Amino acid sequence: MQIAPSILSADFARLGAEVDAVLDAGADIVHFDVMDNHYVPNLTFGPMICSALRDYGVQADIDVHLMVEPVDAMIEAFAKAGASMISFHPDATPHMHRSISLVKDLGCKVGIALNPGTPLHELEEVIQYLDYVLLMTVNPGFGGQQFIPQSTDKIKRLKQMIETRKLSTLIEVDGGINAETIKQTYDAGADIFVAGSAIFNAKDYKHSIDSLRQAVK
Ligand SMILES: O=C(CO)[C@@H](O)[C@H](O)COP(=O)(O)O
């Protein structure tokens, strides 16, 4: 399992130190939520912040979740800024296949992100090209929301879809993941666990990350 703290819940005034702290505490990936106040009703950070984290010395994978529309210009900007993984939503680009190819051509791992209300059949024609699928387990836009329980069944169905096609696509879950909800997502087949408030709202990041890992046992 890979734990990916969402820096949406970090202290932005101390972002470099916050990222160092979660990586020192055992996190695997840095999850970077990009919101444009258009695709989602919130506004966060752009490629300059990603590149600043690289300049600061962050070497871990940076997992960029684009909640923006359109996507292609931001794919190019984030790949240049040091992103390792880039995901976007199918309804944010008119040419999903072209945008997937763009991410891959720029040397990043590619994911498609699905909102809770977006059906799995959106993946039908492209799943074989994906490194991961990001299943949103809350509606995107804000940290600190409650996990949507129906998501567990969706993870199981996605896992089945991947296995039926003999693919090695990873499943990433994001939204309301904490020590109470992580086990059901792990048991359903998730591989990467994004957690914002469950990690950054705790005083001891190592304890909160260890608790997430312990909770699946
Ligand atoms: O993309 C998003 C929200 O749109 C998430 O990454 C949240 O930032 C996760 O926060 P928690 O639900 O874990 O607090």
(request) Determine the pairs where a residue that is of a type in the set (F, W, Y), located within segment 1-22, has a partner that is at pLDDT 95 or above and part of a helix (DSSP H, G or I) with Cβ atoms under 9 Å apart, the partner being 6 or more residues away or on another chain. (result) F12/E18; F12/I49
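Residue by residue, here is whether (1) touching a strand residue (DSSP E or B) at 6+ places or on another chain (Cβ under 7 Å); (2) assigned to a loop (DSSP other than H, G, I, E, B); (3) surrounded by fewer than 21 Cβ atoms within 10 Å (Cβ to Cβ); (4) not β-branched (V, I, T) holds:
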position	(1), (2), (3), (4)
E122	yes, no, yes, yes
Q146	no, yes, yes, yes
A179	no, yes, yes, yes
F193	yes, no, no, yes
A198	no, no, no, yes
K206	no, no, yes, yes
L212	yes, no, no, yes
(request) Determine which single condition V58 fails, assuming it passes every other condition in (1) within 14 Å of the ligand (Cβ to nearest atom); (2) assigned to a loop (DSSP other than H, G, I, E, B); (3) surrounded by 14 or more Cβ atoms within 10 Å (Cβ to Cβ). (result) (1)
(message) Tell me whether segment 67-81 contains one or more residues that are crowded, with 17+ Cβ neighbours inside 10 Å, in a strand (DSSP E or B) and either more than 12 Å from the ligand (Cβ to nearest atom) or at pLDDT 95 or above (or both).
(response) yes
(request) Confirm whether L102 is hydrophobic (A, V, I, L, M, F, W, C) and in a helix (DSSP H, G or I). (result) yes
(message) Here is a list: D91, D105. Which entry is over 23 Å from T185 (Cβ atoms), of a type outside the set (F, W, Y) and away from the ligand (no atom under 16 Å from the Cβ)?
(response) D105
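Residue-by-condition table, conditions (1) modelled with pLDDT of 95 or more; (2) aromatic (F, W, Y); (3) over 21 Å from G196 (Cβ atoms):
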{"position": "D105", "(1), (2), (3)": "yes, no, yes"}
{"position": "P119", "(1), (2), (3)": "yes, no, yes"}
{"position": "E124", "(1), (2), (3)": "yes, no, yes"}
{"position": "Y132", "(1), (2), (3)": "yes, yes, no"}
{"position": "G143", "(1), (2), (3)": "yes, no, no"}
{"position": "I148", "(1), (2), (3)": "yes, no, no"}
{"position": "T169", "(1), (2), (3)": "yes, no, yes"}
(request) Filter segment 166-217 for residues that are more than 12 Å from the ligand (Cβ to nearest atom), aliphatic (A, V, I, L, M) and under 15 Å from the mean Cα position of the chain (by Cα) and give the result. (result) L170, I171, A190
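The values are calculated or read from the model by the stated rules, or taken from the named source; none is laboratory data. Keep in mind that what you see is a predicted model, and the values were worked out from it rather than measured. Heads up, the Cβs are rebuilt from the backbone with ideal geometry, glycines too, and the neighbour counts pull from every protein chain shown.
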